[in-house]
Each structure stands twice: as structure tokens, then as C-alpha cells.
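The values are calculated or read from the model by the stated rules, or taken from the named source; none is laboratory data. These numbers come from a predicted model, not from an experiment. Virtual Cβ from ideal backbone geometry, glycine too; neighbours counted across all protein chains shown. Just the protein is used for accessible areas: all its heavy atoms, side chains included, with ligands, DNA and RNA removed. Shrake-Rupley method; radii C 1.70, N 1.55, O 1.52, S 1.80 Å.
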Amino acid sequence: GETIQCQLCFRRCTISEGERGYCGVRENREGTLYTLVYGRPCSITEGSPIEKLPLYHVLPGSARLNLATAGCNFKCSFCHNWQIAARTPEEVISFDLSPEEVVERAIENNLQFIAFTYTEPTVFYEYMYDVSKLAKEKGLRTLLNTNGAMNPEPLRQLLKYIDAGNVDLKAFTAEFYQVTSFSE
């Protein structure tokens, strides 16, 4: 029918016509799942040292271009990026930046990495994938800073183009993840 299921994260949202998934950035339009954040980062920073992620053992002294879009598949009460992570695309100021422009910007500014961070990159998967693939072709490295909740198949496809990763531990109890996983 007109209901579809997103396959990117553990939630596997079942989304009715005209509705969005839990992350707020993936929408069902006439039976097709659309991303509302492709090429629309709301956070772009340049020059951060790789050690701040913390990835002090991956090319120490390297600088990175950081990208994030609105949305997340978690709703952590302690999120320090809640202004963008807990918002829909309409609620944040975003910029038009194609994958080609991202890569060119990194090259022009002599940045060694493009990092997908600040919000959960799973929600902007297609954009991250295209940027990563192009970055690899141009000799740049890519970095995934994630909550670790992406499903295995999309992750396998993405990892072909990712050079480093950091999985943020959100809590030390299974109960936290149970509550976060099923909260609305």
C-alpha cells in the first residue's frame, strides 16, 4: 500500500503516506521514502583537530571538515547538540552544499578528513554516502562519528568509503538503551 518501512536504523520505522519517521527527516511521499536533508547541512565547521572526536591515534595533527544535518534516531536528554539533533529540517537554518562542494571545500582548505558528526549521520545516510564516495575518489579521508544504531546492510555499504569511526557510548546500562530505543 502506501505505507513503507525505512531500513536505515534499528527502529525500522513504518511510515504512512505524508508522515515522517522517528528522526523527522525521512518522509513517505506517495509510497517513496524521501530524505529531506540531502545536501542541506545545518552545521559546517572547518579545521577541528581529529583528536577532539577523540581519535588521537588516527593521523594525529590532521584537520577536518565537519558536517551535520537536522535530526537523530535517539532522543537523549543530555544531548549537547539538541538544537539541531532534536529538530526537523524546517526548524534549523540549513545551507545548500552538494557532495562536490563539500569535497572541494575540504581540498581548498587543506583538510585531510571529512567528518560526519554532531547529529546522527545515519539520518543523512545518502548525503554522507555520496560525499564519502567522492572524497575517496579525490584522496580525502572520511570519518563516521555515530551512536552505533545503523542497520548492518547500509553500514556495510557505507564502510567501503569510511576510513575511521567513533561510536559514542551514551550510557552504561542496557536500560538506558531500552528506554531510548522505544521512547516517542
Check your understanding: Shape call for the stretch 40-119 from the C-alpha gyration tensor, a ≥ b ≥ c root eigenvalues: rounded (a/c under 1.5), prolate (a/b greater than b/c) or oblate?
Key -> oblate
Revision key, fill the gap. For the table Lys52/Lys75; Lys133/Lys170; Lys52/Lys136; Lys52/Lys160; Lys52/Lys138; Lys52/Lys170, the rows whose alpha-carbon distance is greater than 27 Å are Lys133/Lys170
Exercise for review: Hey, can you find the accessible area per residue of the stretch 37-182 for me, probe 1.4 Å, expressed in square angstrom?
Suggested key: 50
Point to revise | Cα Rg over Rh - the stretch 105-184, Kirkwood | key: 1.04
Practice item. Output ³J(HN,Hα) for the stretch 49-64: one whole-Hz value per residue in order, computed from phi by the Karplus curve 6.51 cos²θ - 1.76 cosθ + 1.60 with θ = phi - 60°, and x for Gly and Pro. Key: x, 4, 4, 6, 7, x, 10, 5, 9, 9, 6, x, x, 6, 10, 9
Review point. Under a plain spin-label model, where a point goes 7 Å from the Cα along Cα-to-Cβ, how far apart in nm are Glu90 and Leu169?
Key: 4.0
Practice item. Have a look at Tyr56, Tyr161, Tyr118 and tell me which one the Gaussian network model of the chain (Cα, springs below 10 Å) gives the largest fluctuation. Key: Tyr56
Practice item. Identify which of Ala70, Ala174, Ala106 has the largest mean-square fluctuation in a Gaussian network model of the chain, with springs joining Cα atoms closer than 10 Å. Key: Ala174
**Study point:** Residue-wise HN-Hα coupling along the stretch 161-170, computed from phi with Karplus coefficients 6.51, -1.76, 1.60 (Hz; x: Gly, Pro)
**Key:** 10, 10, 9, 8, x, 9, 9, 6, 7, 8
Practice item. Identify the trypsin sites (Lys or Arg not before Pro) of the stretch 65-160 meeting these criteria: DSSP loop state and at most 16 other C-beta atoms within 10 Å of the C-beta. Key: Lys75, Lys138, Lys160
Exercise for review: Please work out the Cα center distance from the stretch 147-179 to the stretch 1-79, rounded to the nearest Å.
Suggested key: 12
Check your understanding: Taking springs between alpha-carbon atoms closer than 10 angstrom, which of Ser98, Ser77, Ser48 fluctuates most in the Gaussian network model of the chain?
Key -> Ser77
Exercise for review: Leaving ligands, DNA and RNA out of it, report the carbon-plus-sulfur percent of the accessible area of the chain at a 1.4 Å probe.
Suggested key: 51
Point to revise | Calculated over the stretch 37-182: convex hull of Cα atoms, volume per residue (Å³) | key: 110
